[in-house]
Amino acid sequence: PSPIHVVGGGLAGSEAAWQIARRGIPVILHEMRGKRMTDAHKTDHLSELVCSNSFRSDDAENNAVGVLHAEMRLASSLIMASADAHQVPAGGALAVDRDGFSAAVTAAIESHPLITVVREELTGLPPEEWDNAIIATGPLTAPSLAESIRAATGAESLSFFDAIAPIVHRDSINMDIAWYQSRYDKVGPGGTGKDYINCPMDKTQYEAFVQALIAGDKTLFKEWEHVPYFDGCLPIEIMAERGPETLRHGPMKPMGLTNAHNPTVKPYAVVQLRQDNALGTLYNMVGFQTKLKYGAQTEILRMIPGLEQAEFARLGGLHRNTYINSPVLLDGSLQLKSRPGLRFAGQITGCEGYVESASIGLLAGRFAAAQRLGEEIVPPPQTTAFGALLAHITGGHIVSDEERGKRSFQPMNINFGLFPEPEPGSVQIERVPGKRVRGKEKTVAKKQAMARRALADCAAWLNRTAD
Ligand code: FAD
């Protein structure tokens, strides 16, 4: 078969190249480092880890990223094999010796007889003669390629920063305090007038909250990030610093809302959460993008009435990050709808994290290889971690095209909120006679059921796809 081109030799590109070569197809991997650096990388190794050396939890029974590790191992991932071989002690997490890890990936790729590594920057979209190619150039995609992607997909389709509001697991919100209501009970398309979850604050609670935001520990931008503070996207702590009333006239305004638990007392301020996935398991905090450090963020956000026990699927942030509007632009096999044969992979598709980026590289590599071999492309089921992440990226959770165009798409780590609910019979709770089952135990049992199902379905999927 003729070669498949992979652009970018990071976590996603290296994994994609490996998966393609495993199918006996030649790969040309184009990596600019060696000729041109990014602002965060320091070496010319493939799959360099730009910051932490951790792949996060390795617990495949209770943790979504642990499930993703296990699925990648089942799918013969080079990134996981290299990580396992260069593990350093880190409790339940999988952490690696960063130099040993990236040296191992580089050696495996460079010595593979079917893979050719070319050290060059791609300055525009791949030429038309590359009928099968993958762009995996990451959050720091070189500017001229980013410009070409933007020109080809439309100005609205490429983001250079992520301004992320925290996302909360719906079942950790206390609905004895919070209530469902849209502002002025407005019924939008597909809405019910009860589309938001509202958390009320009185004056004392609001003032303490504003003080905590001002005092909270914040992350500083790196000099090269050049993050602009555009209006409509200001971090909440910056709004708090601008004056005690700013938040109450911004994202926390109480207008058009009546506390269902206490209708006669007007809330002084309200935090609204909007449904974030079609499954209804995740809610994002509207207008709550923040640069607070993760520890401070959790502590301060749990001051909000109704969120005292909140579990966060992801915390807020504001970073330099190049990514495309994948739910609109890509099909279910990560292919650019407007240019079949060209796929995207890794963080540029709007996943977040080393493991997630590598796993989307793994899928893109497999899909591209199947296409080259004239095989049917079989995507992983949504019940697997692979499938749940893929559905987040390609909009598989989204029901209508109208919704697809309207939703703001934000990068996300893998988490159980992206998985469909487990079948009720599959949730196994150990009952101790005379003891009530607590909500927390139910949540743990539910996650375990989703993890078991994911691994079984992943093994079945891999069987189907000849692995
Ligand atoms: P990368 O690993 O960045 O790989 C992209 C590759 O493409 C690079 O090697 C680059 O040199 C190359 N390239 C770019 N443009 C071109 C071009 N035009 N032509 C040829 N080659 C090109 N995730 C975590 O899980 N933990 C962390 O601690 C973490 N810290 C991060 C810190 C920073 C500063 C950033 C920016 C991101 C961080 N991430 C972190 C997020 C993300 O998971 C990593 O960036 C991850 O490396 C993404 O994998 P990738 O393969 O998509 O991109």
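In table form, for the structure just shown:
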{"item": "Within region 1-15, tally of residues that are touching a Gly at 6+ places or on another chain (Cβ under 6 Å) and either of a type in the set (Lys, Arg) or more than 9 Å from the ligand (Cβ to nearest atom) (or both)", "result": "1"}
{"item": "Residue match in region 169-182 (condition: surrounded by 20 or more Cβ atoms within 10 Å (Cβ to Cβ) and within 14 Å of the ligand (Cβ to nearest atom))", "result": "no"}
{"item": "Qualifying position, being over 18 Å from the mean Cα position of the chain (by Cα), under 30 Å from residue 101 (Cβ atoms) and of a type in the set (D, E, K, R), among 314, 366, 302, 339", "result": "366"}
{"item": "Selection from region 55-76 of residues that are buried (at least 17 other Cβ atoms within 10 Å of the Cβ) and of a type in the set (S, T, N, Q)", "result": "57, 63"}
{"item": "Any hit, region 273-283, residues being away from the ligand (no atom under 16 Å from the Cβ), modelled with pLDDT of 95 or more and out of contact with any Lys or Arg (no Cβ under 7 Å at 6 or more places or on another chain)", "result": "yes"}
{"item": "Single match in 405, 396 (criterion: surrounded by fewer than 18 Cβ atoms within 10 Å (Cβ to Cβ), in contact with a Gly (Cβ under 9 Å, 6 or more places away or on another chain), at pLDDT below 95 and not aliphatic (A, V, I, L, M))", "result": "396"}
{"item": "Residue ID - nearest to residue 284 (Cα to Cα), chosen from residues in region 134-165 that are under 16 Å from the mean Cα position of the chain (by Cα) and at pLDDT 95 or above", "result": "139"}
{"item": "Residue in region 138-147 that is hydrophobic (A, V, I, L, M, F, W, C), touching a residue at least 24 places away in the same chain (Cβ under 8 Å), more than 21 Å from residue 389 (Cβ to Cβ) and in a helix (DSSP H, G or I) present", "result": "yes"}
{"item": "Condition met for residue 245 (over 29 Å from the mean Cα position of the chain (by Cα), surrounded by fewer than 21 Cβ atoms within 10 Å (Cβ to Cβ) and within 15 Å of residue 289 (Cβ to Cβ))", "result": "no"}
{"item": "Condition check for residue 165: surrounded by fewer than 19 Cβ atoms within 10 Å (Cβ to Cβ), closer than 29 Å to residue 293 by Cα and touching a residue at least 12 places away in the same chain (Cβ under 8 Å)", "result": "no"}
{"item": "Filter result (crowded, with 21+ Cβ neighbours inside 10 Å and either more than 22 Å from residue 410 (Cα to Cα) or away from the ligand (no atom under 16 Å from the Cβ) (or both)) within region 343-374", "result": "365, 366, 367, 368, 369"}
{"item": "Hits in region 444-459 - residues which are in contact (Cβ under 8 Å) with a residue 12 or more places away in the chain and among the aliphatic types (A, V, I, L, M)", "result": "444, 445, 449, 450, 451, 454, 455, 459"}
{"item": "Odd one out for residue 232 among (1) of a type outside the set (Ser, Thr, Tyr); (2) touching a Cys at 6+ places or on another chain (Cβ under 9 Å); (3) modelled with pLDDT under 85", "result": "(2)"}
{"item": "Subset of region 97-120 [farther than 12 Å from residue 9 by Cβ and either free of Cβ contacts under 8 Å to residues at least 60 places away in the same chain or near the ligand (Cβ under 10 Å from one of its atoms) (or both)]", "result": "97, 98, 99, 100, 101, 103, 104, 107, 111, 113"}
{"item": "Leading residue by the ranking (nearest to residue 372 (Cα to Cα)) among those in region 116-125 that are surrounded by fewer than 21 Cβ atoms within 10 Å (Cβ to Cβ) and not charged (D, E, K, R)", "result": "116"}
{"item": "Subset of region 121-143 [out of contact with any helix residue (DSSP H, G or I) (no Cβ under 8 Å at 6 or more places or on another chain) and within 7 Å of the ligand (Cβ to nearest atom)]", "result": "140, 142"}
{"item": "Scope region 193-233; condition more than 16 Å from residue 294 (Cα to Cα), without any contact (Cβ under 8 Å) to a residue 40 or more places away in the chain and out of contact with any Lys or Arg (no Cβ under 8 Å at 6 or more places or on another chain); matching residues", "result": "194, 204, 207, 210, 211, 223, 229, 230, 231, 232"}
{"item": "Total residues in region 153-178, condition at negative phi, in a loop (DSSP other than H, G, I, E, B) and not charged (D, E, K, R)", "result": "7"}
{"item": "Subset tally (residues that are among the charged types (D, E, K, R) and within 16 Å of the ligand (Cβ to nearest atom)) for region 38-77", "result": "6"}
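Rundown of residues vs (1) of a type in the set (A, V, I, L, M, F, W, C); (2) surrounded by 22 or more Cβ atoms within 10 Å (Cβ to Cβ); (3) closer than 15 Å to residue 79 by Cα, yes/no style:
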site	(1), (2), (3)
5	no, yes, no
10	no, yes, yes
20	yes, yes, yes
24	no, no, no
31	no, yes, no
35	no, no, no
42	no, no, no
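The values are calculated or read from the model by the stated rules, or taken from the named source; none is laboratory data. Since the structure is predicted, the reported quantities are computational estimates derived from the model, not experimental observations. All Cβ positions, glycine included, derive from the backbone under ideal geometry; neighbour counts span all protein chains shown.
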